[in-house]
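Asker: Dropping a structure here in structure tokens format, bear with me for questions.
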Amino acid sequence: MSITAGSLYRDTGNFFRHQLMTILLMALLTAFISVSISHALTPGAEQLATLNDDAVTSAGSLIEMVQNMSPEQQKVLLRTSAAGTLAALIGNTLLLGGMLCLIPLVSAGQRVSAVRAIGAAAPLLPRLLLLVFLMTLIIQLGFMVLVIPGLLLAVTLSLSPVILAAEKVGIFRAMSLSIRLIWGHLKLTAPAVMLWLAAKLALLMLAGAMTRMPPEVASVLLNGLSNLVSALLIIYLSRLYMLLR
């Protein structure tokens, strides 16, 4: 049976429309968890204010900025970066696990809430967390080399979480299977991943228009919208893998 992008987009839209409230609640819940973790781990306003001195802000590059910092400022920067990274990692993993459990349960005819879907993903979350971390690290390294390797890695590794959840295989096995499957179906996967990346960039640009809102509220809303975009991609990739199996 031939698989077309048009049919995959229609299936994705139908599932998203029928499960909109559940997916919306899951997106907002995981966004709230992510923002809460970030807020709890980020240094206070007084410590962050130490990063605004002239020696730091006048630096021409990131390396020069770090070199101009005192040891205390470097600790604040490291803690801030680690808090944001950990919060995003946990939030993305919870969303991914919840969606990967929601899709098969709904397809089997069960009614599932957002909390139940995330709870059902609990046994999967540790491996999924490690997989998301490795994928993020590898893709970021690809973008550091050149844009094209980063994009290619983002596309070819995109099925890894779906395979991990569906086949109960190891992390590296899931990644290798993803590369093998997608390499033969780049026309079906590359446009969807590119659209996802473009939507993420558009949301980053939207952040500048939300400065009048309380920072915490704006963060939850932006993260929630970003999670909705990610949920669409997860549905698309899950449907694609169902047809490729």
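Asker: Of the listed values (1) 1.09; (2) 0.95; (3) 1.02, identify the label whose number matches Cα Rg over 2.2 N^0.38 Å calculated from this model.
Answerer: (1)
Asker: Can I ask one more? Excluding residues fewer than 8 places away in the same chain, name every one of the lysines whose C-alpha is closer than 22 Å to that of K200.
Answerer: Those lysines meeting the cut-off are K187.
Asker: For a protection proxy built on the mean count of beta-carbon atoms within 10 angstrom, sort 178-187, 128-137, 141-150, 231-240 highest first, please. Numbers along the way, then the final one.
Answerer: Numbers: 178-187: 15.4, 128-137: 17.7, 141-150: 12.7, 231-240: 23.5.
Put in order of decreasing packing, that is 231-240, 128-137, 178-187, 141-150.
Asker: Hey, can you find the accessible area per residue of segment 95-245 for me, probe 1.4 Å, expressed in square angstrom? Spell out each step's value before the answer.
Answerer: Details: 7810 Å² over 151 residues.
Result: 52 Å² per residue.
Asker: Mind giving me the FRET efficiency for V147 and A108? R0 is 30 Å, r the Cβ-Cβ distance, nearest 0.05 is fine.
Answerer: On the way: r = 40 Å, r/R0 = 1.35.
E between V147 and A108, to the nearest 0.05, is 0.15.
Asker: For segment 104-146, which trypsin sites (Lys or Arg not before Pro) are in a loop by DSSP, counting at most 13 other Cβ atoms within 10 Å?
Answerer: Working: sites: R111, R116, R127; in loops: R111.
Hits after loop and neighbour filter: R111.
Asker: Let me ask something else. How large, in percent, is the carbon and sulfur part of the accessible surface of the chain at a probe radius of 1.4 Å? Could the numbers behind the result be given before it?
Answerer: On the way: 9350 of 13470 Å².
Result for the chain: 69 percent of the exposed heavy-atom area is carbon or sulfur.
Asker: Helix-derived [θ] at 222 nm for the chain: sum -39500 (n - 2.57) over DSSP H runs of at least 4, divide by residue count, nearest 500? Numbers along the way, then the final one.
Answerer: Details: 13 runs with 199 residues, N = 245.
Computed ellipticity for the chain at 222 nm equals -26500 deg cm²/dmol.
Asker: When you count, for each residue, the other Cβ atoms within 10 Å and take the mean per peptide, how do 82-95, 11-24 rank with the highest first? Intermediate results must be reported in sequence, preceding the final value.
Answerer: Details: 82-95: 19.2, 11-24: 15.9.
Going by the mean number of other Cβ atoms within 10 Å, highest first, we get 82-95, 11-24.
The values are calculated or read from the model by the stated rules, or taken from the named source; none is laboratory data. Note that the structure is a prediction, hence the values are computed from the model and not measured. Using ideal geometry, Cβ is built from the backbone for each residue, glycine included, and neighbour counts are taken over all protein chains shown. Surface accessibility is based on the protein's heavy atoms, side chains included, excluding ligands, DNA and RNA. Shrake-Rupley method; radii C 1.70, N 1.55, O 1.52, S 1.80 Å.
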